[in-house]
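The values are calculated or read from the model by the stated rules, or taken from the named source; none is laboratory data. All values reported here derive from a predicted model rather than from experimental measurement. As a convention, Cβ positions derive from the backbone with ideal geometry for all residues, glycine included, and neighbour counts pool all protein chains shown.
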């Protein structure tokens, strides 16, 4: 593998990404025969097939996937080098890719807007998705830093706390449990819960809570949007265990109410994380330090919500 070239790695990446030699050639602005040649040279160095044909596209073999993983690391190293060289001449410029889990969109964009105004030479590229999507982008070098409710255990990261992240159970204002004090968790067994989709950190918090208190309420719907869950709860379709930071406005206006359940709220933490084994560029370090030191001031204030009735 010592004679593998960037052209060969990029040809393989393009073919697997687009699904065909023709599409890969178009993406790389070369001819299809040039792509085919690079693939043949790479396969010869690997010593085994790196792609296989499926009915509608070309796929990577197990050996090809290993080469693609190495190509990702090579591209990330080149990008880091380019950023480092740029930083040698100007430490106040650069691009930083920030991943934001969807629940954090209620405070993170405001915080990052303040950072952007203070650092006009740094371009922020924001990606919003569920926990699984954001951590996948971080692991595969598509993101420089990420804001998440729980650091991953699947790969090594450096994590710094931003601030508290409470989770509460919300219901429509006329729900029979609203205003009752210290409800036992068993009282929730008869309720229908509206939940986030698989891969969501909020769903993970709810599932752990149910296991800890030993209950198994009915699951009404899985919904991939906090906004839709809030609307469904307000319509009386069920209740939800949700990040308190997503319902600040609805609690303040009285459109939603929290249930006073023993052991709640569940207080987790917000974190900013980055890969432990990837060198951070100065611009990314500035963003990470800002989020750690100042983003906590942008967290919603749940103390302003209406209090339960006595």
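Scan the range 41-56 for residues that are loosely packed, with under 13 Cβ neighbours inside 10 Å and out of contact with any strand residue (DSSP E or B) (no Cβ under 9 Å at 6 or more places or on another chain) and the total you get is 7.
Does residue 159 count as touching a helix residue (DSSP H, G or I) at 6+ places or on another chain (Cβ under 7 Å) and modelled with pLDDT of 95 or more? Here the answer is no, as residue 159 does not meet what is asked. For the range 135-155, the criterion of being crowded, with 16+ Cβ neighbours inside 10 Å, in a helix (DSSP H, G or I) and without any contact (Cβ under 8 Å) to a residue 12 or more places away in the chain is met by at least one residue. Of all the numbered requirements in (1) touching a helix residue (DSSP H, G or I) at 6+ places or on another chain (Cβ under 7 Å); (2) over 15 Å from residue 274 (Cα atoms); (3) without any contact (Cβ under 8 Å) to a residue 40 or more places away in the chain; (4) surrounded by fewer than 17 Cβ atoms within 10 Å (Cβ to Cβ), residue 127 misses one, and that requirement is (2). Restricting attention to the range 237-249, does a residue exist that is farther than 22 Å from residue 163 by Cβ, part of a helix (DSSP H, G or I) and either modelled with pLDDT of 95 or more or touching a strand residue (DSSP E or B) at 6+ places or on another chain (Cβ under 8 Å) (or both)? No, every residue in the range 237-249 fails to be farther than 22 Å from residue 163 by Cβ, part of a helix (DSSP H, G or I) and either modelled with pLDDT of 95 or more or touching a strand residue (DSSP E or B) at 6+ places or on another chain (Cβ under 8 Å) (or both). Does the range 285-292 include one or more residues that are more than 18 Å from the chain's Cα centre (by Cα), loosely packed, with under 15 Cβ neighbours inside 10 Å and in contact (Cβ under 8 Å) with a residue 12 or more places away in the chain? No, every residue in the range 285-292 fails to be more than 18 Å from the chain's Cα centre (by Cα), loosely packed, with under 15 Cβ neighbours inside 10 Å and in contact (Cβ under 8 Å) with a residue 12 or more places away in the chain. Residue 216 meets the conditions (1) surrounded by 13 or more Cβ atoms within 10 Å (Cβ to Cβ); (2) closer than 13 Å to residue 193 by Cα in every case but one. The failed one is (1). Of 24, 63, 70, all but one fail to be assigned to a helix (DSSP H, G or I), over 29 Å from residue 123 (Cβ atoms) and touching a helix residue (DSSP H, G or I) at 6+ places or on another chain (Cβ under 9 Å); the exception is 63. Quickly run through the range 193-229 and pick out the residues that are farther than 14 Å from residue 259 by Cα and assigned to a strand (DSSP E or B). Passing the criteria: 194, 195, 196, 218, 219, 220, 221, 222, 223.
Against the condition touching a helix residue (DSSP H, G or I) at 6+ places or on another chain (Cβ under 7 Å) and farther than 30 Å from residue 242 by Cβ, how does residue 79 come out, does it pass? Criteria not met by residue 79. Here is the figure for the range 103-127: residues that are within 22 Å of residue 229 (Cβ to Cβ), modelled with pLDDT under 95 and not in a helix (DSSP H, G or I) total 1. Residue check: is residue 237 surrounded by 13 or more Cβ atoms within 10 Å (Cβ to Cβ), within 14 Å of residue 193 (Cβ to Cβ) and without any contact (Cβ under 8 Å) to a residue 60 or more places away in the chain? So residue 237 passes the test.
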